[in-house]
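Just so it is clear, none of the values below were taken in a lab; they were calculated from the coordinates. Note that this is a predicted model, so its numbers are computed, not measured. With ideal geometry, Cβ positions are generated from the backbone for all residues, glycine too; neighbour counts draw on all protein chains shown.
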Amino acid sequence: MKDSFTVTANPQKVFSTKNITKIGVLSALAALLMLLEFPLFFAPFFYQLDFSEVMVLLGAFSMGPVAGIITEAIKILLNLALDGTITGGIGEFANFVIGCSFIVPAAIMYQRNKTKKSAIVGMVAGTISMAIIGAVMNYYVIIPAYSMMMPLDEIIASGTEVNSAINSLESLILLATTPFNLLKGVLTSIIAFLLYKRVSPLLHS
């Protein structure tokens, strides 16, 4: 039996007028939340926590993974317009990929069986996926992009300042990047889970 977390969203109507409007609103809110960043004690200064994925996850749960991907893309474009870029768009592309690696698995699992249990399993899978994809993207894309403006030794040294065990790119990924994405996934999931039932009438009006 479906529980109170169940919704009636039809994934075939992603591009309906109502859904396009909802995607626009959620994207704008996500872009604004992306501007509100918080440092974490275990990660260097360039890892800043924000809760923009909460809005994207709400949209993906209510309208499906395709809507989530679109919301994620619009969020990134809006943030570029509002805040610019220091990586020539590379960091923003990586942010999009990492965000989708969290949103898409969670939404797909939830769409298959719309219950609280499926939502939780989906968010756990999404968090693990984001941690893995985040590590890969940081190792091969994001940090190399930043190293064009800040020497890699200085990037690693900024990690050493918060954790003496960080002394290489690999240890930076293992001890800062991965815990950062795991924490972001867990906190985003908790907030979205608590909010979803309250905002569900608006998302499905």
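Label positions at Leu195 and Ala28, each projected 7 Å from the Cα along the C-beta direction, are separated by 1.6 nm. For segment 33-90, which chymotrypsin sites (Phe, Trp or Tyr not before Pro) pass both filters: DSSP loop (anything but H, G, I, E, B) and at most 10 other C-beta atoms within 10 Å? Answer by residue number: Phe41. Remark: the Leu49-Val186 segment gains 48.1 nm on full extension, using 0.36 nm per residue and subtracting the alpha carbon distance. For segment 110-150, the residues whose amide N sits under 20 Å from a probe point set 7 Å from the Cα of Leu80 along the beta carbon direction are 137-138, 141-149.
Normalised by the number of residues in segment 11-203, the mean separation of alpha-carbon contacts (under 8 Å, six or more apart) gives a relative contact order of 23 percent. Taking 7 Å steps out from each Cα toward its Cβ at Leu40 and Lys18 produces label points 3.7 nm apart.
How would you rank Asp153, Asp50, going from fewest to most other Cβ atoms within 10 Å of each one's own Cβ?
Asp153, Asp50
Once Cα Rg over 2.2 N^0.38 Å is calculated for the structure shown, the corresponding label among (1) 0.91; (2) 1.29; (3) 1.04 turns out to be (3).
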